[in-house]
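Everything below concerns the one structure shown next.
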Amino acid sequence: MSLRKALIYMAMVVVAFLFVAPLWWAILSSFRPNDAIFRDLFPFTPNALLPEPFSLDAYVAIFQRGFGSIIANTLLVAGLTTALGLVVNALAGYAFALFEFPGKSAVLGVVVVSFMLPFEAIAMPLYSVVSQLGWIDHVAALVVPSVANGLAVFLFYQFFREVPKDYYEAARLEGAGWLRILWSVYVPLSLPTCISAGLMLFIFQWEAFLWPLLAMPAQQFKVIQVGMAAFQDQYTTAWNQLFGAAVITALIPMLLLIPLQRYYVQGLAGSGIKG
Amino acid sequence: MSGLNLKALRKAFGPTEIISGVDLEIADGELIVFVGPSGCGKSTLLRLIAGLESVSAGEILIGGRDVTRVDPARRGVAMVFQSYALFPHMTVRQNMGFGMRVNRVPKAEAAERLQKAAALLQLTELLDRKPAQLSGGQRQRVAIGRAIVRDPQVFLFDEPLSNLDAELRVQMRAELAALHARLGATMIYVTHDQVEAMTLADRIVVLRAGRVEQVGAPLHLYDDPDNLFVAGFLGSPRMNFLTAEVQPDGQLRPLGLDVDLPSPIAGLRPGRRVVIGCRPEHVEIGDGPLAATVKTVEQLGNSTFVHADCAGTPIAAELQERWGTRADAALRLALPTEKTQLFDAETGLRIRQ
Ligand SMILES: Nc1ncnc2c1ncn2[C@@H]1O[C@H](COP(=O)(O)OP(=O)(O)OP(=O)(O)O)[C@@H](O)[C@H]1O
Ligand SMILES: [Mg+2]
C-alpha cells in the first residue's frame with residue numbers, strides 16, 4: 001500500500017517537474033549572465049536549477065533598451081481600456097437587464113455573437129474603419145475598439161438580471177434615478193463581476209499582438225507583445241534578456257490575478273444577494 | 001397625512017386586463033387591507049398607487065392631488081416590500097438613510113429623523129449591522145423604518161409578514177397596529193391572511209379578478225356580505241352553502257334532500273334557485289331537519305370543528321364545547337333561520353329583504 005502511494009507521489013513529482021522546470025529555468029536564466037545560460041545544461045548538473053552565477057545584468061540591459069516605456073505604454077492602453085470598458089459595458093449590461101426597448105433581444109443576440117467571432121475575422125474591416133477615422137498610429141486605435149466588449153456586457157447583463165427587481169423599485173421610490181441606482185446599488189453588489197470583467201479587459205489588451213501590429217505600423221508606440229517580438233528579432237543571442245522580458249510580461253498580469261482571483265471565480269452566491 | 005382616491009382605475013398588461021375599474025375612497029389615517037385570492041391584482045393595484053406600474057386608465061389622487069402621472073418618488077408614498085428589499089451591502093443606518101442621501105436632506109436633519117425612527121422601532125442597537133446579520137423580524141422593522149423616515153402621506157405594505165414564522169407574525173401584527181395608532185398615517189396593506197385582514201383593518205377591500213367585490217369594516221363584511229364570494233372568502237372554516245329551490249309555499253328545499261327549510265326572506269318567486277349560507281358557528285348539532293354523517297372532527301381545545309356530509313354537500317359546524325364522536329356517526333343538523341343568508345344561485349348576489 002505505502003509502496004503504491006510512494007509510486008504515485010513519485011509520478012506526481014515527475015509530472016510537476018516537467019511542467020514547472022521550463023518555467024523555472026526561464027526565470028533562472030533571466031538572472032544569469034548570458035554566457036552562463038547553457039553551461040550546466042550539457043552535460044546536465046543540478047546547478048542548472050539554481051540561480052548561479054547570479055546576475056541582474058539582463059534586467060538592467062532590458063530597461064536600458066527602453067523596455068520600461070513599453071511596459072508603461074501597455075499599462076496605459078490596458079488601464080484606459082479597463083476603466084472605460086467597465087463603465088461602458090456595465091451601462092450596457094444594466095440597460096439590457098432592466099429596461100425594455102424594442103429590438104432588445106435582437107441586439108442582445110448581436111452582442112453574444114460579437115464575442116464568439118474570432119478577432120481575425122474582424123481585423124481587416126476594423127482596420128479600414130480605424131484608418132478612415134485617421135487613428136492609425138494613435139493610442140485611440142488600440143483603446144477605443146476594445147472598450148466595448150460583448151463578453152463583458154454579457155457578464156454584467158447576467159449578473160444584473162439576477163439582482164431582485166425589488167432593489168431597483170425600492171430605490172426608485174426613494175427618489176433615486178437609474179444612474180444613481182446603478183452606482184449605489186448595482187455596482188457595489190456586482191464587485192466580483194466588475195473585477196472579472198476588468199481583469200478580462202486588461203488581459204485582453206496585455207495579450208494583444210495582431211491588432212497593435214496592424215494599427216501601429218510606425219512602431220513609435222509599442223505595446224508589450226509587439227515589443228517582445230521586436231526584441232526577439234533584434235537580440236537573438238541575448239538569451240538572458242529575452243527571458244527577462246518574458247518574465248516581466250508574464251509577471252504583471254499575474255500580480256493582478258493573484259490577489260483578485262477569488263473574485264474571479266466568485267459568483268452570485270458570495271455577493272450577499274441570496275439570504 | 002392625507003387620504004387617497006382611486007377613480008375608475010384600470011390596468012392592462014398587453015391584452016389582459018388585470019385591474020378592471022376600481023373605485024375607492026380611503027380616508028386620511030385609515031388602515032385599509034386588500035384581500036383576495038392569489039392573482040386577483042392586489043399587488044398590481046398597490047404598485048399602481050406607488051407608481052411602479054403605469055395606469056392604463058383612471059385617476060389616482062393622494063391628498064386631493066392628482067398623482068396619476070407623477071413620478072413614484074414624488075407621490076408621497078412609501079412601500080414596504082414582501083422581500084423587504086433591503087440593500088444587502090448597506091448597514092441598517094445606510095439603508096434607512098438612503099432616500100435622504102439621495103434627496104440631499106441636510107446631515108443633521110437626516111440623522112435626527114433616522115434616530116427617531118430607529119427609536120420608535122427599537123432599531124437603535126442594530127444601526128451598524130448589515131441586513132444579513134438581522135433576524136426576519138428585525139429586517140421587517142428596518143424595512144418599515146426606511147418607510148417611516150421618508151414621512152410619507154401613504155404607507156403601502158405588500159404582504160409584509162408573509163416571510164415570517166407564525167409566532168413572529170402575531171407579534172409584528174401587533175406592532176404594526178400600534179405603529180398605525182401612533183403615526184396616524186394612511187396605510188394600505190395587502191395580505192391573503194384573513195386573520196391579518198380582520199385584526200388590522202379599519203376597512204377591508206375584497207378583490208376578485210381585478211374588481212372590488214365589497215368594501216367595509218371587517219365585522220361588517222363578515223356579518224353582512226354582499227355576495228357569495230365575500231361570504232366564502234372571509235371566515236375559516238368558510239361559510240356553509242346549500243343550493244336550494246324555492247317551493248310554492250315559500251320554503252326552501254335543498255337540492256337532493258327531502259326536507260323543506262323555512263326561508264329567512266318572504267316572497268321569493270317559487271322555482272328560483274338560491275344558495276343558503278350559514279356560518280359554522282351558527283350550525284346547531286343534535287336536533288334538526290338535516291341528516292348528515294360525520295367526516296372528521298377537529299379538536300382545537302377551545303372549540304371543535306365538525307365536518308359532516310349532508311347528501312353530498314359538506315357542512316362544517318363549530319362547537320364551543322368539546323365533543324367526541326367517531327367518523328361515520330349519523331347526525332342531525334339545524335341551520336337557524338334568522339342566522340342564515342340567501343344568495344342568488346346564478347349571480348351570487350345577496351338577496352336582501
Ligand atoms: N408585469 C406584468 N406583466 C404581465 N402580467 C402581470 C404583470 N404583473 C402582474 N401580472 C399578472 O397580473 C395578475 C395579478 O397579479 P398580482 O401580482 O397583482 O396578484 P396578487 O393579487 O398580488 O397575487 P398574490 O396574492 O399571489 O401576490 C396575475 O395574473 C399576474 O400574472
Ligand atoms: Mg402579490
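What's the FRET efficiency of B:ARG65 with A:LYS104 using the Cβ-Cβ distance as r and R₀ = 51 Å, to the nearest 0.05? Don't skip to the answer; put the middle values down first.
Values: r = 35 Å, r/R0 = 0.69.
That gives a FRET efficiency of 0.90.
Here the peptides A:239-246, B:96-103, A:33-40 are ranked by packing, the mean other Cβ count within 10 Å, and the order with the highest first is A:239-246, B:96-103, A:33-40.
For B:ARG139, the accessible area of its heavy atoms, probed at 1.4 Å with every protein chain present, is near 60 square angstrom.
Pull out a ≥ b ≥ c, the square roots of the eigenvalues of the alpha-carbon gyration tensor of the protein assembly as shown, then state rounded if a/c is under 1.5, prolate if not and a/b is larger than b/c, and oblate in the remaining case. Let's see the in-between values first.
Numbers: a/c = 3.07, a/b = 2.46, b/c = 1.25.
Prolate shape, in that a/c is at least 1.5 and a/b is the bigger ratio.
Per residue of A:161-173, other chain Cβ atoms within 10 Å of the residue Cβ number 6 on average.
What is the extension gain from A:ILE136 to A:ILE27, computed as 0.36 nm multiplied by their sequence separation minus the C-alpha to C-alpha distance, in nm to one decimal?
Fully extending the segment from A:ILE136 to A:ILE27 adds 35.6 nm.
Nearest 20 debye, what's the magnitude of the dipole of chain A about its Cα centre given +1 on Lys and Arg Cβ and -1 on Asp and Glu Cβ?
Working: 13 positive and 13 negative charges, 111 e Å.
Dipole of chain A, to the nearest 20 debye: 540 debye.
The simple spin-label model puts a point 7 Å past each Cα toward its Cβ; for B:ARG10 and B:ALA177 those points are separated by 4.0 nm.
Within a straight-line Cα-Cα reach of under 16 Å, B:LYS339 can be paired with the following aspartates and glutamates, leaving aside sequence neighbours fewer than 8 residues apart in one chain: B:ASP223, B:ASP224, B:ASP226, B:GLU281, B:GLU284, B:GLU318. Need one word for chain A: rounded, prolate or oblate. Basis is the Cα gyration tensor (sqrt eigenvalues a ≥ b ≥ c); a/c below 1.5 gives rounded, then a/b vs b/c decides. Cα axes put chain A in the oblate bin. Tally up the carbon and sulfur contribution to the accessible surface of segment B:108-222 as a whole percent, 1.4 Å probe, everything protein left in place. Whole-percent figure for carbon plus sulfur exposure: 49. Within chain B, DSSP assigns beta bridges of which about 75% are antiparallel (rounded to the nearest 5).
Mind checking the dipole of segment B:4-230: about its Cα centre, +1 per Lys or Arg Cβ, -1 per Asp or Glu Cβ, Debye to the nearest 20?
Values: 27 positive and 26 negative charges, 226 e Å.
Dipole magnitude for segment B:4-230 comes out near 1080 debye.
Could you let me know the centre-to-centre spacing of segment B:176-202 and segment A:224-254, using Cα atoms, in angstrom? Their Cα centres are 73 Å away from one another.
Run the numbers for B:HIS192 and B:GLN133: contour at 0.36 nm per residue of separation, minus the present Cα-Cα distance, in nm.
Details: separation 59, 0.36 × 59 = 21.24 nm, distance 2.86 nm.
Difference between extended and current length: 18.4 nm.
Taking chain A as a Gaussian network of alpha-carbon nodes connected by springs under 10 Å, the highest mean-square fluctuation of the residues A:THR81, A:THR193, A:THR237 belongs to A:THR237.
For B:ARG74 and B:LYS339, the difference between the fully extended length at 0.36 nm per residue and the C-alpha to C-alpha distance is 90.5 nm. Across segment A:251-261, rounded Karplus estimates of 3J(HN,Hα) from the backbone phi angles (6.51 cos²θ - 1.76 cosθ + 1.60, θ = phi - 60°) give 6, 5, x, 5, 4, 6, 5, 4, x, 9, 5 Hz, Gly and Pro being marked x. Candidate cross-link partners of B:LYS7 among the lysines, defined by an alpha-carbon separation under 17 Å and a same-chain spacing of 8 or more, comprise B:LYS42. Picking from B:GLY97, B:THR68, B:SER162, whose Cα lies most toward the positive end of the charge dipole for chain B (charges on Cβ: Lys, Arg +1; Asp, Glu -1)? It is B:GLY97. Across segment A:173-206, the residues whose backbone nitrogen lies under 20 Å from the label position 7 Å along the beta-carbon direction of A:LEU75 are A:198-206. Per-residue mean of foreign Cβ neighbours for B:82-93 is 4 (Cβ atoms of other chains, 10 Å radius).
Of A:LEU7, A:LEU84, A:LEU108, the residue with the largest accessible area leads and the full order is A:LEU7, A:LEU84, A:LEU108 (1.4 Å probe).
Taking amide H positions as modeled 1.01 Å from N, with prolines and chain starts lacking one, the residues under 5 Å from B:VAL283 and 5 or more places away or on another chain are B:GLU318. For B:LYS116, the lysines whose Cα comes closer than 17 Å to its Cα, not counting residues fewer than 8 places off in the same chain, are B:LYS107.
Peptide B:73-81: average number of partner chain Cβ atoms within 10 Å per residue? Mind showing how you got there, number by number?
Values: counts 7, 1, 1, 0, 1, 3, 6, 1, 7.
Neighbouring Cβ atoms belonging to other protein chains average 3 per residue here.
Would you mind telling me which residue in B:ILE285, B:ILE19, B:ILE276 has the biggest mean-square fluctuation in a Gaussian network model of chain B, where springs connect alpha carbons within a distance under 10 angstrom? Per the Cα network of chain B with a 10 Å cutoff, B:ILE285 tops the list.
B:THR16 sits with roughly 80 Å² accessible to a 1.4 Å probe, with DNA, RNA and ligands left out of the calculation. Residue ranking by accessible heavy-atom surface, 1.4 Å probe, largest first, among A:TRP25, A:TRP206 comes out as A:TRP25, A:TRP206.
Whole-Hz Karplus values for segment B:121-138 come out as 9, 6, 10, 3, 5, 9, 4, 9, 8, 8, x, 5, 9, 10, 6, x, x, 5 Hz, taken residue by residue from phi with 6.51 cos²θ - 1.76 cosθ + 1.60 and θ = phi - 60°; glycine and proline positions read x. Of the residues B:THR347, B:THR325, ranked by 1.4 Å probe accessible area with the largest first, the sequence reads B:THR347, B:THR325. Residues within the reach of a label modelled at B:LEU300 (point 7 angstrom out along Cα to beta-carbon, backbone nitrogen below 20 Å), restricted to segment B:151-177, are B:165-174. With chain A treated as a Gaussian network of Cα nodes joined by springs under 10 Å, which of A:MET216, A:MET116, A:MET200 yields the largest mean-square fluctuation? Looking only at A:MET216, A:MET116, A:MET200, the biggest GNM fluctuation is shown by A:MET116. At the residue level, B:ARG211 shows approximately 130 square angstrom of accessible surface with a 1.4 angstrom probe and all protein chains present.
The values are calculated or read from the model by the stated rules, or taken from the named source; none is laboratory data. As the structure is a prediction and not an experimental result, all values here were calculated from the model. Because the Cβ atoms are built from the backbone with ideal geometry, glycine has one as well, and the counts that use them run over all protein chains shown. These accessible areas exclude ligands, DNA and RNA; they are computed on the full protein's heavy atoms, side chains included. Shrake-Rupley method; radii C 1.70, N 1.55, O 1.52, S 1.80 Å.
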